[in-house]
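The values are calculated or read from the model by the stated rules, or taken from the named source; none is laboratory data. All values derive from a computational prediction rather than experimental measurement. Please note: Cβ atoms are built from the backbone with ideal geometry, for glycine as well, and neighbour counts cover all protein chains shown.
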Amino acid sequence: MGLFITTFAACQSEKLTERKLEADPDPNSPSSMVNIPVDENGKIDLTKVAKIEFDTIVYNFGTVKEGELVKTDFQFTNTGPVALILFDAKSSCGCTVPEIPKEPIPPGERGILGVTFNTASKTGRQSKTVTVTANTVPTHTQIILRGEVTPKLK
């Protein structure tokens, strides 16, 4: 049993060293943005991580008629020390389509995440969530669209 623990600990130590050696020294290179950097103790190094700050995480679209398209832009700032990359954005419903920026957002710069909600066949109070995946800690951030959809007249 002691040999197993020693071997396991040695493998874990190698992984940390290996991960550290693979890191690109340029914190703005694509390879270093994909991996969340760790320090020599294996803890996340927050001084080398992008940070996304949305102007607002909830958009209230008020009351609209069924069948209308609700479009909005969620504006954000990269307040971290390295370029921000949005890898993906998934909505809680197929009726909601997010569009992420294709280019990295440099430190201190602003970006826009567009969202379109199709209200067809959606009536009553609505709340749609979009989960954004980026090179941030945590890696997921949620934004929300809310409002009321009135049925169309028949």
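What to note about this one:
So that you can scan it fast, the table gives a plain yes or no per residue for (1) more than 17 Å from the chain's Cα centre (by Cα); (2) modelled with pLDDT under 95; (3) in a strand (DSSP E or B):
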{"residue": "111", "(1), (2), (3)": "no, no, yes"}
{"residue": "122", "(1), (2), (3)": "yes, no, no"}
{"residue": "130", "(1), (2), (3)": "no, no, yes"}
{"residue": "133", "(1), (2), (3)": "no, yes, yes"}
{"residue": "143", "(1), (2), (3)": "no, no, yes"}
{"residue": "147", "(1), (2), (3)": "yes, no, yes"}
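- Filter pass, residue 126 being without any contact (Cβ under 8 Å) to a residue 40 or more places away in the chain and in a strand (DSSP E or B): yes
- Residue, modelled with the lowest pLDDT, within the stretch 37-71, restricted to residues that are among the β-branched types (Val, Ile, Thr) and buried (at least 17 other Cβ atoms within 10 Å of the Cβ): 49
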